[in-house]
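Reviewing the structure listed below.
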Amino acid sequence: MSIFIVRLDHPDEAGWQEWVGPHVEWVREHVAAGTIIASGPSVGTDIRQGWLVMQAVDESELRQYLASDPFWQHGIVENLLIVEWDPIFGELDRLSSSPESVPSFGE
């Protein structure tokens, strides 16, 4: 499985208000299924942004998950950013693609 960081911009406040309930249900379903590891909004940004840490086989599968989000289906997403990420250190290191290859600096 690959890990991805996803940013979704939501400049349409009225659309966001209309679809946030179904979006939250979508998030909860994907958290329960294990495809969303963490989710939450940016704080203090000019444009409302949502951030997701997700896992999928590849970016194609990730995009299929995102396409089922009510925000995506109703055009409430702009400036989608998807970055594949390898969490080598910290709370998510168990999800790293290669934890055994971490360099041992100063040891």
Just one of the numbered conditions (1) out of contact with any helix residue (DSSP H, G or I) (no Cβ under 9 Å at 6 or more places or on another chain); (2) surrounded by 11 or more Cβ atoms within 10 Å (Cβ to Cβ) is not true of residue 32; which one?
(2)
Those residues that are of a type in the set (D, E, K, R) and exposed (fewer than 12 other Cβ atoms within 10 Å of the Cβ), I need them from segment 20-29; list them, please.
25
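Within segment 47-72, take every residue that is open to solvent by less than 80 Å² (accessible area, probe 1.4 Å) and in a loop (DSSP other than H, G, I, E, B) and give me the one that is nearest to residue 11 (Cα to Cα).
Just the residues of segment 47-72 that are open to solvent by less than 80 Å² (accessible area, probe 1.4 Å), to begin with: 47, 49-50, 52-56, 58-62, 65-71.
The next check asks that each one be in a loop (DSSP other than H, G, I, E, B); those that pass are 47, 58, 68-69.
Details: 47: 6, 58: 28, 68: 20, 69: 17 Å.
Top of the filtered list is 47.
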List, please: which pairs have Cβ atoms under 9 Å, are six or more places apart or on different chains, and start with a residue in segment 3-16 that is aromatic (Phe, Trp, Tyr) and end with one that is in a helix (DSSP H, G or I)?
4/59; 4/62; 16/23; 16/71
Hits in segment 78-96 (condition: of a type in the set (S, T, N, Q) and open to solvent by less than 90 Å² (accessible area, probe 1.4 Å)):
96
Please enumerate the residues belonging to segment 1-19 that are surrounded by 12 or more Cβ atoms within 10 Å (Cβ to Cβ), more than 15 Å from residue 78 (Cα to Cα) and out of contact with any strand residue (DSSP E or B) (no Cβ under 7 Å at 6 or more places or on another chain).
18
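Which ones in segment 13-37 are among the β-branched types (Val, Ile, Thr) and assigned to a helix (DSSP H, G or I)?
At the first step, the residues of segment 13-37 found to be among the β-branched types (Val, Ile, Thr) are 20, 24, 27, 31, 35-37.
20, 24, 27, 31 - these are the residues of segment 13-37 that are among the β-branched types (Val, Ile, Thr) and assigned to a helix (DSSP H, G or I).
Let me confirm something: among 75, 44, which residue is assigned to a loop (DSSP other than H, G, I, E, B), open to solvent by 30 Å² or more (accessible area, probe 1.4 Å), touching a helix residue (DSSP H, G or I) at 6+ places or on another chain (Cβ under 9 Å) and at pLDDT below 95?
Numbers: 44 fails: touching a helix residue (DSSP H, G or I) at 6+ places or on another chain (Cβ under 9 Å).
From the options 75, 44, the qualifying one is 75.
The values are calculated or read from the model by the stated rules, or taken from the named source; none is laboratory data. For clarity, every value in this text was computed on a predicted model and none was experimentally measured. Virtual Cβ from ideal backbone geometry, glycine too; neighbours counted across all protein chains shown. Heavy atoms of the whole protein, side chains included, go into the accessibility calculation; ligands, DNA and RNA do not. Shrake-Rupley method; radii C 1.70, N 1.55, O 1.52, S 1.80 Å.
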